[in-house]
1. For the pairs K89/K114; K157/K191; K170/K209; K116/K219; K15/K89, flag any whose C-alpha to C-alpha distance is greater than 25 Å.
2. Note the listed values [x] -0.40, -0.49, -0.86, -1.11; [y] -0.30, -0.38, -0.81, -1.22; [z] -0.60, -0.64, -0.81, -1.08, then indicate which one is log10 I(q)/I(0) by the Debye sum over Cα atoms at q = 0.08, 0.09, 0.13, 0.16 Å⁻¹ calculated from this particular structure.
3. When the chain is treated as a GNM, springs tying every alpha-carbon pair under 10 Å, which of L124, L99, L21 comes out with the largest mean-square fluctuation?
4. Count charges around T175 for me, please; just the other residues with Cβ under 14 Å from its Cβ, Lys/Arg as +1, Asp/Glu as -1.
5. Below 14 angstrom from the Cβ of E220, what's the summed charge of the other residues (Lys, Arg +1; Asp, Glu -1)?
6. Looking at the chain, which longest stretch skips every one of the GluC sites (Glu not before Pro) that is in a DSSP loop with at most 12 other Cβ atoms within 10 Å, leaving the sites themselves out?
7. Who wins for biggest fluctuation among G29, G120, G198 in a Gaussian network model of the chain, springs between alpha carbons below 10 Å?
8. What are the trypsin sites (Lys or Arg not before Pro) within the range 62-150 that DSSP puts in a loop, where the Cβ has at most 15 other Cβ atoms within 10 Å?
Amino acid sequence: MSIQTVLKNFGLNEKEIKVYLALLKLGSGPVRAVAQISDINRTTVHDILNKLIDDGLVSFVDKQKHRFFTAEPPEHLLHALKIREQNLKTMAQDIKEVLPELKSLYEKSDKKPKAKYFEGDTGLRSVMEDVLDCVSRTHDRKYYVYSSSAIRDTVHKVFPNWNDERIRRKIAVQTISIGPGGELHGLDERKWLSKHEGAPTYTMLYAGKTALISLNSDKEPIGVVVEDANTYQTNVMIFKALWEKL
């Protein structure tokens, strides 16, 4: 393994490596000399040398109104690693101490509405998998859908065995369709808002979430999943009221 690779793994960037190696070759010298050998401007070299001092790899002495920098013996790399190891152990202990408070903050933030955007077949597939996973953990194992015939094939394409998997998990669905088509597969009910094809939209209400799916100008699926109990409950209330009128 090359010296540059080892020093990079140690945590030095390309310019820091050049300055460190230049100073090793030089032995000791002012910023100007290190800058000439490393071919890096003096201001940057000065900043890098100060960082290497903090890392324990460089020291300095002031003489004749100039500051001369000296590279510490290479063994100091191992010493620096030991210090880092000790610091990491201390940091790990500190994190353990504040972890309960951090988790409390995280749990509080989890109650706030969240919105996750997605695009493409992979993104849509992940949403549909989320529907199955989340609904299968609910008490009633049921979700609700507004399905437009203009986008239905796109949704089914990314998850061809969707209904088989849904039925296997004993998940029920009520669907309000917009446009022609739509078949029953089991554990499902369907009513039509209109037999005329509408805009390419698909809405899924499930487990406290609302997924809004559409197509972009390239006919690729895009959308957003809003995770908010209040939004979900309102949408389900509207869905059920509409269902009873159809």
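1. Numbers: K89/K114 35 Å; K157/K191 22 Å; K170/K209 19 Å; K116/K219 20 Å; K15/K89 29 Å.
Long pairs (Cα-Cα over 25 Å): K89/K114; K15/K89.
2. Correct label is [z].
3. Fluctuation is largest for L21.
4. Working: positive: K142, R152, R166, R190, K191, K240; negative: E183, D188, E189.
Summing Lys and Arg as +1 and Asp and Glu as -1 gives +3.
5. On the way: positive: R125, K157, K219; negative: E119, D121, D153, D218.
Surrounding charge for E220 is -1.
6. Numbers: sites that count: E75, E183.
Between exposed loop sites, the widest span is 76-182.
7. Result: G29 has the largest fluctuation of those listed.
8. Details: sites: K63, K65, R67, K82, R84, K89, K96, K103, K108, K111, K114, K116, R125, R137, R141, K142; in loops: K65, K111, R137, R141.
Passing both the DSSP loop test and the Cβ count: K65, K111, R137.
No lab work stands behind these numbers, since they all come straight from the coordinates. This one's a predicted model, so the numbers in the text were calculated from it and none came from an experiment. No Cβ is skipped: glycine too gets one built from the backbone with ideal geometry, and neighbour counts run over all protein chains shown.
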